[in-house]
Amino acid sequence: MNMQNNPILVLASSSVTRRALLDRLGLPYQIDKPDIDERVHEHEAADAACLRLAREKARAVAERHPGSVVIGSDQLVSCNGRIMGKPHDMPRATEQLRFMSGKAVYFHVSVAVIDAHGALQEHSETVTAQLRILSDSEIQHYLNREQPFGSAGSMKSEGLGTALLDSMQSDDPTAILGLPLIATLRLLRAAGINPLS
């Protein structure tokens, strides 16, 4: 195949979890960290911010890899209208989990794919999770074990974070992990990459 029919795939992320998800597809790919400003704008809704950041990640990396297919993805967590960012430390993580205890929590996830010709396609979805009512001892045990200080909302869903949940509603079981593979595959096929071909 020539390069036009078999473009290089680039993941615009340094996330270990996103890499593990993309590894499931058995496709060769490169990694390039986008290094963008990931702050949410004032008064920006979580779903809109999430899609904007996925786009910006894909575009930043696509500029450095012309002729490649680039995947950008982002995830934001919200609860009661409040965006729950990465806590970075134990006190903030404790406060986040106390705030979310017993409430519905929304995992907004977006993926943007730029094809070899520069065309952008994108997808967004929201996973709804119902948190259990958590005791302080459960919160501390979870935080001590998982150390989820780099995870939005202190929710390390790929690990023990599942123990915080009562239920979850999603069209794609991988969406809560930050890269919805069903939608990503649909966008990749449109961009000329199909792991089954």
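Quick note: the coordinates plus some simple rules give every number you see, no bench work behind them. Just so you know, these numbers come straight off a predicted model, no measurement behind them. Neighbour counts run over all protein chains shown; Cβ positions are idealised from the backbone, glycine included.
Assorted remarks:
- Relative to the longest principal axis of the Cα atoms of the chain, the long axis of helix 181-190 lies at roughly 20 degrees.
- Which label in (1) 1.00; (2) 1.04; (3) 1.06 gives the computed Rg/Rh (Cα atoms, Kirkwood Rh): (1)
- The residues neighbouring Val69, those whose beta-carbon lies less than 12 Å from its own, together hold a net charge of 0 under the Lys/Arg +1, Asp/Glu -1 convention.
- Arg92, Arg64 arranged by Cβ crowding within 10 Å, fewest neighbours leading: Arg64, Arg92
- Between the C-alpha center of the range 4-49 and that of the range 71-93 there is a gap of 17 Å.
- For Leu165, distant residues with modelled amide H under 5 Å away: Arg132
- Gln140 paired with Lys33, simple spin-label distance in nm, labels 7 Å along Cα-to-beta-carbon: 3.4 nm
- Net charge in the neighbourhood of Ser15 (other residues with Cβ under 11 Å of its Cβ; Lys, Arg +1, Asp, Glu -1) is +2.
- Its DSSP H runs of at least 4 residues, each contributing -39,500 (n - 2.57), put the calculated 222 nm mean residue ellipticity of the chain at -9500 deg cm²/dmol, to the nearest 500.
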